[in-house]
1. Assuming R0 = 35 Å, can you tell me the calculated FRET efficiency for the pair Glu143 and Lys195, based on Cβ-Cβ distance, to the nearest 0.05?
2. Once the dipole of the chain is set up with Lys and Arg at +1 and Asp and Glu at -1 on Cβ about the Cα centre, which of Leu281, Thr370, Pro67 lies farthest towards its positive end?
3. Using 0.36 nm per residue of separation minus the Cα-Cα distance, give me the extension gain between Thr391 and Leu403 in nm, one decimal.
4. List the residues, sorted by chain then number, that are 5 or more residues from His331 or on another chain and whose placed amide H is less than 5 Å from its amide H.
5. At most 10 other Cβ atoms within 10 Å and a DSSP loop assignment: could you name the trypsin sites (Lys or Arg not before Pro) in segment 302-354 that fit?
6. Between Arg133 and Trp428, take the C-beta separation as r, use R0 = 60 Å, and let me know the FRET efficiency to the nearest 0.05.
7. Long-range amide H contacts for Ser438: which residues qualify at under 5 Å (H placed 1.01 Å from N, peptide plane, sequence gap of 5 or more or a different chain)?
8. How large is the dipole of the chain about the Cα centre if only Lys and Arg carry +1 and Asp and Glu carry -1, each at its Cβ, rounded to the nearest 20 debye?
Amino acid sequence: MHHIEVLQARYHELRRRNNLNIDIQDLAYHTMLADATCVATIDHRRGRYQNAYTFFVRSMAIREKDPSTTAPELADAYSAIGLALFGLFQSCEVIVLVDKALAVAYAAPPELHHTFNIGRYLRNRSRPRAALRDFSGAKQDVEDADAFQTRIYGANSHFHGETAYILGKIAIEEGDLDEADRQLQRAYDLQYPGKPTHQSVASALYHQARAQKYTEQALLYLQQALSITQFNESRRGDQGESARVKRKIADIWERQGRLADAATYRAAALREKAELERTGLHPKAPDAEQEWDCFSDLKGDHAPAINQIEYHAYLQRVNGYVPWMREQGIHVASFKGLTPAFRAPEGPLRQKDDEGENVLDRIAGHHGTTAAVVLLAWLIQRQIVAVTMTTKPERLDEYAQALKVTLTPDEFDEITTVGATYHFRMAWGERFADDDRS
Ligand SMILES: NC(=O)c1ccc[n+]([C@@H]2O[C@H](COP(=O)([O-])OP(=O)(O)OC[C@H]3O[C@@H](n4cnc5c(N)ncnc54)[C@H](OP(=O)(O)O)[C@@H]3O)[C@@H](O)[C@H]2O)c1
């Protein structure tokens, strides 16, 4: 909570000082832009869609004034505003904004399409289309999103889990409950690994239960969902999610004649809903059923800002894991980033070519630096926060060169593609299959 309030206060202070007559050379300006986007992302994740919307619009206003804004940044900004509006149930407006994002992306040459989050924009358009009951349009967006995602992240990424989730919800609306069950199971299977307590897993289970109507299986799904949402209550404020699940469990227990248990759960759900509504932070839902969908994360008072994971050229975390974290507003940092230089001498970046040189030393030679610096620069250029260490003070000066070295696009690609031909994991190997590169 604290860091969000600090950010908001700083944003307001800067805004007052600058009054939007911004000098883009001014560091304060960049801080303000980063803060507006960051505040909006955090608000969005906490279910405060109105706040998120306001801040995304401000961040957009700053971006539009900044000539250095890139096309992908502009498209992302349109799509983010759209997603906040979706939380406010304004589906028609969402489509207008996401169309703008897609127009910016498709105006770029095809060879640059991979630099845009086209999969995300299409998912963000399929949701409001489904809400407006344009199911064929929504499914077309999902199909296009899947084609893009498969090209960029491979066949079974986290993002394919998100599209399966969208298709599952559409199938429920269409009354095709077998298809709903199939899609939601796929959503669960793709989203569970690596993040078994994530909200998306609980939501897949919740809707899977809806597809099962009032069966014993539905009850099992809901109880599994409840164990996740309750686990998240203290750390993420998922009380609203728990209330939604409890209400559904109460419906089933009522049918089964467990009237006392049903009454207890229903009362708890209603009490929680009333309390959340009193905060005045939830959006106005178009109907009584959707009122229960308004409370995701509403009591959450902290969200992870950064995740330090093993990351280097031999472990580039496939299946879209890194872009997925970024979509959640989580920065990604590395550990064991220097592994290709010192821990895997058998790896291809260290193999000698005909002239007796290896890739890392050759690139380091071009820049008059060391293999360690090249790997740190590669991480920085991948927008991974490069965390390293040393027991030797003199190495600190060496590491610091990474801030001045910029790899050429060819050098950057060579490390990426040659590195990706080899798999090496230093940490937590016992928790992953030998060939698991996620
Ligand atoms: N979040 C987590 O789960 C997690 C897990 C592991 C590590 N970490 C943290 O991540 C940070 C980075 O640590 P890391 O081990 O992952 O870093 P790293 O950047 O992969 O490796 C740093 C090591 O590389 C060695 N090195 C540098 N140049 C060398 C050279 N020319 N020849 C031989 N060795 C050389 C350094 O040894 P010298 O000491 O001899 O300079 C240093 O110990 C640390 O703060 C660590 O605590 C976090």
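Every number here is computed from the coordinates shown, using simple stated rules; none is lab data. Model, not experiment: these values are computed from the prediction. Heads up, the Cβs are rebuilt from the backbone with ideal geometry, glycines too, and the neighbour counts pull from every protein chain shown.
1. Efficiency computed from Cβ-Cβ geometry: 0.85.
2. Sorting the options by dipole projection puts first Leu281.
3. Values: separation 12, 0.36 × 12 = 4.32 nm, distance 2.01 nm.
Fully extending the segment from Thr391 to Leu403 adds 2.3 nm.
4. The answer is Ile306, Asn307.
5. In loop regions of segment 302-354 (DSSP not H, G, I, E or B), the sparsely surrounded trypsin sites (Lys or Arg not before Pro) are Lys352.
6. Details: r = 45 Å, r/R0 = 0.75.
Working from the Cβ atoms, E equals 0.85.
7. Val318
8. Dipole of the chain, to the nearest 20 debye: 1340 debye.
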